[in-house]
Amino acid sequence: MYERSERKFSHLGVLILSKKVKILGGLIILINISLNSKVPNPQKLVYGSFINQTSITNIEGKEISIPQEGFVTLLFFFNINHTSHKRILTEFDFLLMNLKKIDDRVKLIGISSDKNEKFKELKNIYNNRLHLVNDTETKLYKIFNYSCGNCIKIIIIDKNCIVRYLSSSLDPIFLREIIRRYINEN
Amino acid sequence: MRIKKGKRIIFCFFYLFSCFLLFSQEIKINQKEGILQEKIRDHITFHKFKKFQPDLSQAVISRLTKVIIHRDRVFILDKRQARIFVFDKRANYLYSIGRPGQGPGDLEYPDDFIISEEGTLFVVNSMAKRIEVFSIKGDFQRRIELVLPEEIFYSNPSCLLINSNKQFFIAYSLSSHLIDLYDYQGNYIRNLLKREEPILIPGQNLGNSSQILFFNKSNKILHFNHFSGIFTILSKKGEVETVFSAFDKAHARDVTRIKRSLEEKRRTKKPGIRISDYQIWSNCWIDKNDIIYVFLMFKNKDESQQMFVFSPEGTFLYRITIPYFKGIRIDKAFCYGDDSVFISRDHEIFIAKKRRAK
């Protein structure tokens, strides 16, 4: 007898929201309308979306462009203070191990909006292999539709700046396979 | 008075009809003794075992999920690599179908695949709730988006069957529906079988542990729960005909223990929907005579797994051990014509022929 798997789904946020909407009724809708009138609605990010290059400064003070043409880009959105995200970070280590042979052709970017020393500590762990971006102004959060909740977000962008993969789970082997595929494809 | 009499007659008719429906469902749960247990000559066993060793220089298999033998080819689904590797019967690599990704023809955590009689390949893209259709040579043909009913928005399809009317039977990893029927465009038609235990959202849940199969002769549908060991036979129309299982002390003890620990886990509320999926029984398989086989799995590698055999009507026939599998834990098995395919926990593939015990 074996325990096969324990999975966590991302749909929960939607469910909680729908319950709250029922309780608060029109009030929430009114707040949403007023917020939406101030913030332009970001374009829906789906498989095949083209991403315009954006410059951002990483925690070392270097300017990097996301995505970078000619490179496969992996964006990893997370929150360093979130317990479940911390657990996922260990799986990220495993992904980095799996990408050892090809990591010169892939840009790995970890993004978090927390103003936190712990996030800066990650620099010592990942050294040059992972670009860390402290997105305090949530610039990238808005471009890539990430609203930090219970879930992380993984986005893979191909060499031509087209979104090829979006997920809220991290399976190192599966991600390695997808990255390999887009490294080899033109 | 005449109207009252008429009403009574109608009432009696419906009462008798409902009694007929109720008792037409045969229940054979926890059958203790197989009716052919002592008649060793009637037992079926396996011989001519061959280990299928694929050419690893061409294809490294990471998570062996399903094997289908179709004509002279062996199709192996690797869930993790999101590919179907195709070999000839001598284990020479021929080509692969699908690739990891989210675009048309790409696979993302494929849980199951089938090959129709016409030679079309249908792969269940579990995470994306889609079916990708390929030709037998691997050319992508079309994508079918499954439109799940709203009440099971959280469910992911895990098992697939297709009937001669090109309708899909779908089972899920976790859902209040055990089997649903969809048309060829992916639209939901109706539910055939419901789950009895409630689902906690958010919370810890026991997975559906579903496997669905067609009987060869009758075209009835068999649902098997590889945690509880309960089989359900459904008619072509989807009516429950028989519910059956065999009793094993160790299994009953494990089921109780797991259910208790799950109840404890359920008390600590955690966000999200969590699925605990336990495998106590292997996948079951049906031979060309509609005899049903299943292995009961054990914790220790030294223990021999026992194979339980049932008649097409769900009567427990006998249990035997297969000496060849001593120390090998079989968790999946399939039957294609004369070939029986066994997959071990260590991702080894064995092909064997069936014969009567002497």
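In square nanometres, what is one fourth of the surface area of the convex hull spanned by the alpha carbons of region B:4-163?
Here the figure is 17.3 nm², rounded to one decimal.
At 37 °C and a viscosity of 0.692 mPa s, what translational diffusion coefficient does Stokes-Einstein give for region A:142-181, taking Rh as the Kirkwood radius over Cα pairs? Give it in µm²/s as a whole number.
294
Neighbouring Cβ atoms within 10 Å as the yardstick, rank B:Ser126, B:Ser164, B:Ser96 fewest first.
In increasing order of surrounding Cβ atoms, one gets B:Ser164, B:Ser96, B:Ser126.
When Rg is the radius of gyration of the Cα atoms in region B:286-338 and Rh is its Kirkwood radius, what does Rg/Rh come to?
Value, to two decimals: 0.99.
For chain B, state what percent of all Cα-Cα pairs lands in each successive 10 Å bin, counting from 0 Å until the bin that includes the largest distance.
The percentages, shortest bin first, are 5, 22, 32, 26, 11, 3, 1, 0, 0.
For region B:172-243, which GluC sites (Glu not before Pro) are in a loop by DSSP, counting at most 14 other Cβ atoms within 10 Å?
Loop-located and lightly packed - B:Glu196, B:Glu239.
Using modelled backbone amide H atoms (1.01 Å from N, in-plane), which distant-in-sequence or interchain residues come within less than 5 Å of A:Leu108's amide H?
HN-HN under 5 Å from A:Leu108: A:Leu74, A:His131.
Return P(r) of region B:261-358 (all Cα-Cα pairs; 10 Å bins starting at 0; whole %; ordered from short to long distances).
14, 41, 25, 14, 6, 1
What's the whole-number percent of alpha carbon pairs in region A:38-176 lying beyond 26 angstrom?
Of all Cα-Cα pairs in region A:38-176, 16 percent lie more than 26 Å apart.
Compute from the Cα atoms of region B:185-286 the Rg and the Dmax, the latter being the longest Cα-Cα distance, and quote both in angstrom.
In order Rg, Dmax, the Cα atoms of region B:185-286 give 15.7, 48 Å.
Could you give me D for region B:218-278, from Stokes-Einstein at 10 °C and 1.306 mPa s, where the hydrodynamic radius is the Kirkwood radius over C-alpha pairs? Units µm² s⁻¹, please.
113
Which percentage, to the nearest 5, of the DSSP beta bridges contained in region A:94-186 is antiparallel?
Around 50 percent antiparallel, to the nearest 5.
Over region A:94-186, what per residue volume does the convex hull of the Cα atoms give, in whole Å³?
Normalising the Cα hull of region A:94-186 by residue number yields 107 Å³.
In square nanometres, what is one fourth of the surface area of the convex hull spanned by the alpha carbons of region B:250-304?
Value for region B:250-304: 5.9 nm².
Dividing the Cα radius of gyration by the Kirkwood radius, what Rg/Rh value follows for the protein assembly as shown?
1.01
What pairs in A:Lys159/B:Lys129; B:Lys129/B:Lys237; A:Lys44/B:Lys265; B:Lys137/B:Lys326; B:Lys79/B:Lys194 have C-alpha atoms more than 30 Å from each other?
Pairs exceeding 30 Å: A:Lys44/B:Lys265; B:Lys137/B:Lys326.
What 222 nm value per residue comes from the helices of the protein assembly as shown, counting each DSSP H run with n ≥ 4 as -39,500 (n - 2.57) and dividing by all residues, nearest 500 deg cm²/dmol?
-6500 deg cm²/dmol
For region B:123-202, state what percent of all Cα-Cα pairs lands in each successive 5 Å bin, counting from 0 Å until the bin that includes the largest distance.
In order of increasing distance, the bins hold 3, 15, 28, 25, 15, 8, 4, 2, 1 percent.
On alpha carbon coordinates alone, what is the Rg over Rh value for region B:105-260, Rh being the Kirkwood radius?
0.98
For region B:85-169, report the convex hull volume of the alpha-carbon atoms normalised per residue, in Å³, without decimals.
103
All of the numbers you see were taken from the coordinates with simple rules; none came from a lab. Since we're looking at a predicted model, the values are computed, not measured. Heads up, the Cβs are rebuilt from the backbone with ideal geometry, glycines too, and the neighbour counts pull from every protein chain shown.
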